[in-house]
Amino acid sequence: MARVSQAHLDARRRQILDAAALCFARNGFHATSMQDVLKEADLSAGAVYRYFAGKDELIAAIVSEVLGEVRAAFEAAAEQSPPPPPDRLVPAVLDRTLGLRESLTVDGVPAFPRLVVQVWSEIPRNDTLADVLREGYTVVRAAWARIVEAHQAAGTMRSDVPPDHVARTMIATVLGFIAQQSLFGPASVDVLRDGLRALMSMPGTDPGT
């Protein structure tokens, strides 16, 4: 029997993850069955279960993949001296994350924001998923804190604010923007860029005020 190439295995795994993401975004995690995923992927049960044992593994793999991409982008930025400012860095990373999934749509609308909201709703019921998210966001927070420290060292950001406070605020900004897309519909990352740029242009205030 001929050996299956790694490229083929990777493509099949991608096919399954994309199918699952569409199903979860369209119907929600609990309303989606593995049969739904099989139908969306147009694969047999054996082909899918070779990669994933069930829905929990599928959603955990999707989340880990996205957070891994985001972490890598911010860690790379942290190595620059100084790193890009938030109004350039955050929209660029988000634009890349959304762009990699722009082909996934539900009723003509990007599926990724809806998928993110579905993942959040599952956290209280799924300890494994909660652990994956907690670990992923902890690493992203650490990368952001390094970016802030680099800006503070370069004198491009005020030094009296703890780096982790800025890191958590930037994560909240991105997650809020994604939630808005799920609620109000698609919006260009230019909206986020312009908003951050306007906020960054405000005169500084005295510490503690």
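Okay, here's what the table says:
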item: For the range 109-149, with +1 on Lys and Arg beta carbons and -1 on Asp and Glu, the positive-most of 137, 121, 109 along the dipole; result: 109
item: Inter-part distance where the range 7-62 and the range 144-158 are each reduced to a Cα centre, Å; result: 41 Å
item: Kirkwood Rh in Å, taken over all unlike Cα pairs in the range 1-155; result: 17.1 Å
item: The range 55-114: proportion of alpha-carbon pairs further apart than 14 angstrom, %; result: 65 percent
item: Radius of gyration, Dmax [the range 79-166; alpha carbons; angstrom]; result: 16.4, 47
item: The range 35-171 - charge dipole about Cα centre, Lys and Arg +1 at Cβ, Asp and Glu -1, debye rounded to 20; result: 180 debye
item: Pairs of Cα atoms farther than 12 Å apart, the range 82-127, %; result: 70 percent
item: Per residue value of the accessible surface for the chain (all protein chains in place, 1.4 Å probe), Å²; result: 55 Å²
item: Sequence-separation-based contact order of the range 109-209, relative, with Cα cut under 8 Å and 6+ spacing, percent; result: 32 percent
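The values are calculated or read from the model by the stated rules, or taken from the named source; none is laboratory data. Keep in mind that this is a model prediction, so the values were computed, not measured. Please note: Cβ atoms are built from the backbone with ideal geometry, for glycine as well, and neighbour counts cover all protein chains shown. Each accessible area value is taken on the protein alone, full model and side chains, heavy atoms only, with ligands, DNA and RNA left out. Shrake-Rupley method; radii C 1.70, N 1.55, O 1.52, S 1.80 Å.
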